[in-house]
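Working notes, structure below.
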Amino acid sequence: MKEKLEKTLDFIKSKITDVPKVGLILGSGLGFLADNIENKIEIKYEEIPYFPNSTAPGHEGKLIFGKLSGKNVVALKGRFHLYEGWSPEVIKFVIYTLKMLGVERLLITNASGAINKTFNPGDIVLVKDVINFQFRNPLRGPNEEKFGPRFPDMSKIFDEHWAKKVKKFFPDIKEGVYLAVLGPSYETPAEIKAFRKFGADLVGMSTVPEIIAARHCGINCLVLSCATNMAAGILEKPLSHVEVLEIANKVKSGFSKIVLKSLEVL
Ligand code: HPA
């Protein structure tokens, strides 16, 4: 892994001018969040040695370097889901790449289903904790001591100071626990009922492996989730990816505002 990572880094560093301090992972249909990046340098995943290449609909695979809210950022447009067949180690590789590039903080966005009935489609929710129902861990296998300990603490996976600053500007922002499933099938109504009992407010198919890898190597995280639909069984209608993309598209301006402010307050 070390040699691959070095080749990946050499290639990316040869293309960029500034060290990115903040990474931005853009979820399903949320790629527009990269639109406001200034002085963009784009690198397609497929060009980068050893970098994975995403296939999900609504996901375009590239790294976008530049300035957003005055911060040097790198946005990952297109993420790597376990349901695509990626092994969790691939996600670790991507996060370690960010770490080696100089990233200290990670702003993760995703689309999710609302389990909490007080949430509404289109709500942007600040994720305060997660439940790993994917039963996969990106840190499985030999530990990369250089990045972090064998048994990393996960009791505070989110940067409370960062969240506090964001909440100052958005005092009414909802907060919730995100439960990650493998997908790609959506959940059954019985699963959603069970997840509610576990304490989950949101359900989605991403984010948790990224957070685990990021916390392992000391990157501070903030997760903003767009509840694109009520989870299975809450409403009469079936779930669809088209609806997820439609709602993500509708909340564009509100979501952008929160993301820009979240970077500004750093
Ligand atoms: N379930 C899982 N993942 C999702 C959902 C959902 O209801 N909505 C958006 N991503």
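The values are calculated or read from the model by the stated rules, or taken from the named source; none is laboratory data. What you see is a predicted model; the values in this text were computed from it and never measured. Quick reminder, even Gly has a Cβ in these numbers, built from the backbone with ideal geometry, and neighbours come from all protein chains shown. What goes into the accessible areas is simple: the full protein's heavy atoms, side chains included, and nothing from ligands, DNA or RNA. Shrake-Rupley method; radii C 1.70, N 1.55, O 1.52, S 1.80 Å.
Some points to look at:
- Solvent-accessible area of Tyr45 with every protein chain in place, 1.4 Å probe, in Å² to the nearest 10: 0
- Within segment 66-193, DSSP assigns beta bridges of which about 30% are antiparallel (rounded to the nearest 5).
- ³J(HN,Hα) computed for each position of segment 110-118 - Karplus, 6.51 cos²θ - 1.76 cosθ + 1.60, integer Hz, glycine/proline x: 7, 9, 8, x, 8, 8, 5, 6, 7
- Heavy-atom surface of the chain, accessible at 1.4 Å and reported per residue (Å²): 46
- About its Cα centre, the chain has a charge dipole of approximately 500 debye under the convention of +1 per Lys or Arg Cβ and -1 per Asp or Glu Cβ, with nothing else charged.
- Accessible surface of the chain, 1.4 Å probe, proportion on carbon and sulfur as whole %: 52
- Taking all Cα pairs closer than 8 Å and separated by 6 or more residues, the relative contact order of the chain comes to 26 percent.
- Counted by Cβ distance under 11 Å from Ile108, the other residues give a net charge of +1, where Lys and Arg count +1 and Asp and Glu count -1.
- FRET efficiency for Thr188 and Ser87, using Cβ-Cβ distance with R0 set to 30 Å, rounded to 0.05: 0.70
- Cα gyration tensor of segment 182-262 - equivalent ellipsoid semi-axes, whole Å, descending: 24, 19, 11
- The calculated FRET efficiency for the pair Ser253 and Lys117, based on their C-beta separation and a Förster distance of 25 Å, comes to about 0.45.
- Computed log10 I(q)/I(0) for segment 41-140 at 0.16 Å⁻¹: -0.87, from the Debye equation with unit scatterers placed on every C-alpha and solvent omitted.
- Nearest-0.05 FRET efficiency for Phe151 and Asn39, computed from C-beta distance (R0 45 Å): 0.65
- Value of D in µm² per second that Stokes-Einstein yields for the chain, Kirkwood Rh from Cα pairs, at 37 °C (0.692 mPa s): 178
- Separation in nanometres of the label points that stand 7 Å from Cα toward Cβ, at Asn137 and Lys13: 3.1
- Of all DSSP bridge pairs formed entirely within the chain, close to 40 percent run antiparallel.
- Share of Cα-Cα pairs in segment 93-231 lying beyond 24 Å, as whole percent: 31
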